[in-house]
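One structure is given below, encoded as structure tokens.
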Amino acid sequence: MAAVLCLTLFALALLASVMFGSKATSAGDVLRVLTGGGDEYTRTVIESRYPRTALGVLAGLCLAVAGTLMQGITRNPLAEPGLLGINAGASASIVAATAFLGASGQRETIWWALVGALATGVVVHLIGTAGGGSSPVRLVLAGAVLSAVLAAFIQAVALSKPQVFDTYRYWVVGALGGRGFDAVWAVLPFAGAGFVLAALLAPGLNAMAMGDDKAASLGISPARVKGAGLLAATLLAGAATAAVGPIAFVGLAVPHLVRALVGADFRLQILFASLAGPTLLLFADVIGRVLLRPQELMVGVVTAFVGAPALLFAVRRMRGAA
Amino acid sequence: MKTADPTDTPTGADAGTDTRAGTTARRQARPVRRIMVRIGPWVAVPVRRSSLIAAAISLLLLLGGAVATLSMGRLGIDLADLPSALMGEARGKNAFVLNRLRGPRLVVAIGTGAAFGLSGALFQSVTRNPLGSPDVIGLGAGAGAGAAAAALFLPDVMPIAVGSLLGGLIAMAVVYFSTGTGFRSPGRLVVAGIGVAAMATALTQYVVYAVERDKASALTAYINGSLSARSWEDATTIWIVLLVCVPFAALLARPLSIGEMGDDTSTGLGARPARTATAAIALSIMLSAGAVSVAGPIAFISLTAPQIAKRVTRSGGPHLVMSTLLGALLLVLADLTAQQLPLFDDLPVGLYTMAVGGGYLGYLLIREWHRPV
């Protein structure tokens with residue numbers, strides 16, 4: 001039942017993503033173009049929307065699965081990929097590469113973003129586990145600290161070099177448009193590796209939900225599962241962020257939706273997150289395209305303004321003073 | 001615990017406060033000298049002598065920072081000329097530096113830093129969260145968004161400072177109403193703050209994306225918190241905010257220190273924790289909003305000043321006075337760095353506080369981790 005619902009919504013999101021834009025087309029047009037018909041103009045319009053749709057699917061999947069992993073491992077319902085310092089790391093890397101190494105254009109910056117995101121993920125992990133043990137709280141705090149220091153660096157460099165500032169401000173807003181299939185191919189290997197790792201870890205995460213001791217008695221090393229899970233989350237979130245810029249709330253909200261839908265089983269959670277994430281991101285992107293037509297609102301802005309009120313609504317139902 | 005001991009009354013307490021009577025308190029193991037600082041019949045704060053010494057040292061350092069701000073660098077006023085210049089006999093270049101260039105900036109820095117420090121101390125005392133400050137619940141982000149919105153939608157109509165004040169207050173109003181319990185529940189406050197900050201940041205980023213580059217750059221500098229080109233009007237604004245808020249903060253000092261014993265204990269002692277908490281957070285927000293409207297959302301001062309105060313005085317309690325002094329000191333030193341560091345040309349001071357504050361937070365974390373949990 002839930003599966004049918006999710007698949008239907010996903011298909012609708014895909015359809016909407018190629019249908020709507022500054023020039024609206026009909027579902028019939030889309031069908032004709034897909035089957036090889038339709039006139040030249042409509043075909044061009046619809047095909048120009050393929051890359052951003054593909055990017056939306058990839059980024060939505062990555063963020064949602066990364067969020068599911070993070071919330072499962074840290075047992076913190078507010079955990080999301082940005083907390084690992086990934087956004088800040090990717091931004092800092094882009095800024096540094098543009099300022100000091102003369103990198104320019106989408107094609108080059110995406111690689112730098114990827115390197116920065118992964119490197120920061122590793123550093124956060126190293127700081128977070130420095131004193132021995134790996135408390136998820138430490139990890140998140142380490143991410144917050146590193147993000148603050150990197151933010152100062154980013155702003156300092158961006159404000160002293162106008163050229164860098166331009167690259168940075170267009171990237172940081174988080175958008176699906178204006179990027180080609182290149183972006184998809186560049187990050188696909190990392191996203192794939194992260195996803196496979198996540199899928200392999202699902203049974204271990206299920207065992208750990210009963211408590212670390214129970215999991216250990218089942219022959220699973222909780223520390224290893226946590227470490228590998230955070231690695232997978234870093235790979236996934238790094239890939240998404242490099243491809244489309246920082247996007248808030250997809251990684252935070254989707255895991256909650258999915259848990260409400262399918263329960264605690266991580267195998268199902270990851271599967272459904274891979275459907276719900278893209279669905280949410282694509283719908284947000286479509287809203288951004290039609291809201292200010294003919295201008296566009298970037299998807300990062302839309303997700304913030306859809307996700308934050310949902311969070312504010314959820315706050316009222318928080319129990320107790322904690 | 002405390003025994004009045006008239007023969008052992010220390011004199012010469014903090015300048016500016018009226019010490020009518022003093023008592024010393026002794027613990028069995030280690031005698032801790034306390035001085036009762038009284039302001040009229042309303043306020044009576046027992047102060048440790050070590051706290052007084054720490055406060056005096058901070059004041060001296062603040063004075064040193066202020067003198068350095070006025071006298072360092074190419075345009076600085078010679079130390080020899082400084083006393084007469086301050087007495088109103090500045091001429092030529094010195095008059096320009098004192099009255100236009102660095103004087104107002106210094107006075108704004110002291111006032112803003114003090115406001116941020118006091119604001120953070122009030123907030124952390126109530127929420128008992130060492131990472132709590134009005135920035136954390138989205139005031140800074142809201143102010144940034146307000147400034148950005150003013151620049152995009154009402155350019156040349158609404159001053160950016162007014163926009164940022166409105167933005168900060170709107171953000172706080174949204175937080176207040178969305179928690180459902182006002183400012184009473186710290187956990188809800190922080191989560192609601194995350195949501196409000198996310199929206200505000202998205203709006204800011206959209207505006208910075210949408211306007212032309214020069215405007216975007218100026219806006220970004222403001223949003224990071226900057227003290228360059230401040231006027232005497234800015235100085236007046238922040239000092240009026242301080243004059244209004246400090247008496248209320250002094251009234252709250254006692255209920256707050258009782259409140260730190262926990263809600264049950266303090267209720268047993270006849271305090272009303274919920275009312276104290278709401279008043280303290282409202283005051284904290286007023287102070288931060290005033291500071292932000294003058295200097296932009298400067299990061300980490302309100303977060304770190306109370307933390308340093310706690311470590312310097314090594315005692316419990318809300319540390320209101322120490323945090324205020326340390327806030328001013330931190331901001332004056334950061335702004336001195338921003339003005340004199342040859343590496344970058346007058347970057348917004350908020351970037352320095354962000355870098356140093358972040359580093360300090362990291363240091364605290366690593367130190368905590370080496371302690372067994």
Projected label distance in nm at B:ALA274 and A:ASP265, using a 7 Å step from Cα toward the beta-carbon: 4.5
Tabulate in residue order the Karplus-calculated ³J(HN,Hα) for segment B:218-226, using 6.51 cos²θ - 1.76 cosθ + 1.60 with θ = phi - 60°, rounded to whole Hz; enter x for Gly and Pro. 4, 4, 4, 4, 5, 5, 7, x, 9
Return the whole-Å distance between the Cα centroid of segment B:239-315 and the Cα centroid of segment A:221-288. 39
Gain in span if fully extended, B:GLU212 to B:PHE177, counting 0.36 nm per residue against the direct Cα distance: 9.1 nm
Out of residues 5 or more away from B:ILE35 or on other chains, whose amide H comes under 5 Å of its own, with H placed 1.01 Å from N in the peptide plane? B:VAL47, B:ARG48, B:ARG49
So if each residue of separation counts as 0.36 nm, and I subtract the Cα-Cα distance between A:ALA2 and A:THR44, what length gain in nm does that give? 11.6 nm
Can you pull the one-decimal nm distance between simple spin-label points at A:VAL123 and B:TYR363, each 7 Å off the Cα toward Cβ? 1.8
Would you give the gap between the C-alpha center of segment A:289-304 and the C-alpha center of segment B:76-115, rounded to a whole Å? 49
For segment A:76-90, take each phi angle, set θ = phi - 60°, evaluate the Karplus expression 6.51 cos²θ - 1.76 cosθ + 1.60, and give the result in whole Hz per residue in order, putting x for glycine and proline. 10, x, 9, 5, 8, x, x, 5, 7, x, 5, 4, 5, x, 5
Footprinting proxy, B:SER51, A:SER26, B:SER84: sorted fewest to most Cβ within 10 Å, the residues are A:SER26, B:SER84, B:SER51
Sort B:VAL208, B:VAL356 so that the residue with the fewest other Cβ atoms within 10 Å of its own Cβ comes first and the one with the most comes last. B:VAL356, B:VAL208
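Once you sort the root eigenvalues of the Cα gyration tensor of segment A:237-322 as a ≥ b ≥ c, which label holds: rounded (a/c under 1.5), prolate (a/b larger than b/c) or oblate (the other case)? Write out the running numbers ahead of the final one.
Working: a/c = 2.09, a/b = 1.36, b/c = 1.53.
The shape class here is oblate.
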FRET efficiency for B:THR337 and B:LEU251 from the Cβ-Cβ distance with R0 = 30 Å, rounded to 0.05, comes out at 0.25
Label B:VAL244 and B:LEU59 with points 7 Å out from Cα along Cα→Cβ: what is the distance between them in nm? 2.7
Which residues qualify? For A:ALA248, with a placed amide H closer than 5 Å and at least 5 residues away or on another chain, they are A:ALA304
Cα-centre dipole for the protein assembly as shown with unit charges at Cβ (Lys and Arg positive, Asp and Glu negative), debye to 20: 1760
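Just check the protein assembly as shown against the gyration tensor rule for me: Cα atoms, a ≥ b ≥ c as the square roots of the eigenvalues, rounded for a/c under 1.5, and otherwise prolate or oblate depending on whether a/b exceeds b/c.
Values: a/c = 2.19, a/b = 1.54, b/c = 1.43.
Prolate.
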Projecting each Cα onto the charge dipole of the protein assembly as shown (Lys/Arg +1, Asp/Glu -1 at the beta carbon, about the Cα centre), which of A:ALA248, B:THR201, B:SER133 comes out farthest on the positive side? B:SER133
To the nearest 0.05, the calculated FRET efficiency linking B:PHE153 and A:SER22 through their beta-carbon distance, R0 being 25 Å, is 0.65
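What is the sum of charges around A:ALA13, taking Lys and Arg as +1, Asp and Glu as -1, for the other residues whose C-beta is under 14 Å from the C-beta of A:ALA13? Write out the running numbers ahead of the final one.
Numbers: positive: A:ARG49, A:ARG52, A:ARG289; negative: A:ASP285.
Every neighbour counted, the sum reads +2.
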Amide H neighbours of A:ALA103 under 5 Å, at least 5 residues apart or on other chains, H built in the peptide plane: list them. A:THR98
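Please say if chain A is rounded, prolate or oblate, where rounded means a/c under 1.5 for a ≥ b ≥ c the square roots of the C-alpha gyration tensor eigenvalues, and otherwise the choice is prolate for a/b larger than b/c and oblate otherwise?
Values: a/c = 1.85, a/b = 1.23, b/c = 1.50.
Because a/c hits 1.5 or more and a/b fails to exceed b/c, chain A counts as oblate.
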Expected output is a single nm value to one decimal: the length gained when fully extending between B:SER228 and B:MET87, i.e. 0.36 nm times separation in residues minus the C-alpha distance. What is it? 48.3 nm
I'd like the Karplus ³J(HN,Hα) series for segment B:106-123: coefficients 6.51, -1.76, 1.60, θ = phi - 60°, whole numbers in Hz, and an x wherever there's a Gly or Pro. 5, 5, 5, 4, 4, x, 5, x, 4, 5, 5, x, 5, 4, x, 5, 4, 5
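Check each of the trypsin sites (Lys or Arg not before Pro) in segment B:94-170 and keep only those in coil by DSSP with at most 14 other C-beta atoms within 10 angstrom; list them in order. The partial results should precede the final answer.
Details: sites: B:ARG100, B:ARG102, B:ARG105, B:ARG128; in loops: B:ARG102, B:ARG128.
When the trypsin sites (Lys or Arg not before Pro) of segment B:94-170 are filtered for loop state and at most 14 Cβ neighbours within 10 Å, B:ARG128 remain.
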Which of B:ALA235, B:CYS245, B:GLY167 sits closest to the plus end of the dipole of segment B:106-369, meaning its Cα is farthest towards the positive end, when Lys and Arg get +1 and Asp and Glu get -1 on the C-beta? B:CYS245
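None of the figures in this text is laboratory data; all of them are computed from the coordinates on show. Because the structure is predicted, anything quoted here is derived from the model rather than measured. Every residue, glycine as well, gets a Cβ built from its backbone with ideal geometry; the counts of neighbours run over all protein chains shown.
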